[in-house]
Amino acid sequence: PNKNVCILLATTNENAMLQTIKSRCKKIYLNVWNKENIRSELQKATTDNELVDIATRFSGDNISRAFNIIVDEDFKEKFHNVEKVLYEYKGSSNIIDFLNIFGVEKAEVISHLEIFEGIIFALLKEKKQGYNNAILVNIYEQIIDTYKRLDSNCNPQNAVYNLLMQIAEI
């Protein structure tokens, strides 16, 4: 662009942007909503307190993401399934049980990966005791690698299988 031109790109999912574009951009995160405001707005829209808690925590202080969560009828089930992977997956001996959680279609796998990424990001942000940040960062890196595999048209089940094997090693 010319000297006095500034171009703003906005996204709610930076993983959907091409790496060549992201590498030429300066990231500015705008958080005009806080958890209390989001919780208050969500409670006006639903009486499901568990879903409000999940959406508030998982939204990343993004009100549109929070509302998308509460209108997604399958989100709570997907969320709990991904939590099972994080808390109950112990290694490759039961990999098939957990492989099926992510589904077989690329869109379904991506949906679960986004939830997984959100849970990891929330745990890192909350800095709760009992979680090893190095392990969480390694899992996060494996999730990003899985997105790349899917972008390269890798078979979705193979991409998830690789993710789970990497998590078992971590």
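The values are calculated or read from the model by the stated rules, or taken from the named source; none is laboratory data. On a predicted model such as this, the values are computed, not experimentally measured, just so you know. All Cβ positions, glycine included, derive from the backbone under ideal geometry; neighbour counts span all protein chains shown. All accessible areas refer to the heavy atoms of the entire protein, side chains included, with ligands and DNA or RNA removed. Shrake-Rupley method; radii C 1.70, N 1.55, O 1.52, S 1.80 Å.
Any residue that is open to solvent by 50 Å² or more (accessible area, probe 1.4 Å), of a type in the set (S, T, N, Q), modelled with pLDDT of 90 or more and not in a helix (DSSP H, G or I) - is there at least one of those in segment 136-147? No; the residues of segment 136-147 include none that is open to solvent by 50 Å² or more (accessible area, probe 1.4 Å), of a type in the set (S, T, N, Q), modelled with pLDDT of 90 or more and not in a helix (DSSP H, G or I).
If the condition is being open to solvent by 70 Å² or more (accessible area, probe 1.4 Å) and either under 20 Å from the mean Cα position of the chain (by Cα) or within 27 Å of residue 146 (Cα to Cα) (or both), then segment 1-20 contributes 9, 10, 11, 12, 16, 18, 19, 20. Taken together, 116, 98, 121 contain a single residue that is without any contact (Cβ under 8 Å) to a residue 60 or more places away in the chain and either open to solvent by 70 Å² or more (accessible area, probe 1.4 Å) or assigned to a helix (DSSP H, G or I) (or both), which is 116. Looking only at segment 73-89, count every residue that is in contact (Cβ under 8 Å) with a residue 40 or more places away in the chain and either among the β-branched types (Val, Ile, Thr) or open to solvent by 40 Å² or more (accessible area, probe 1.4 Å) (or both) and tell me the total. Total satisfying the criteria: 1. Taking the criterion of being at pLDDT 90 or above and among the charged types (D, E, K, R), the residues of segment 37-73 that qualify are 39, 41, 44, 48, 50, 53.
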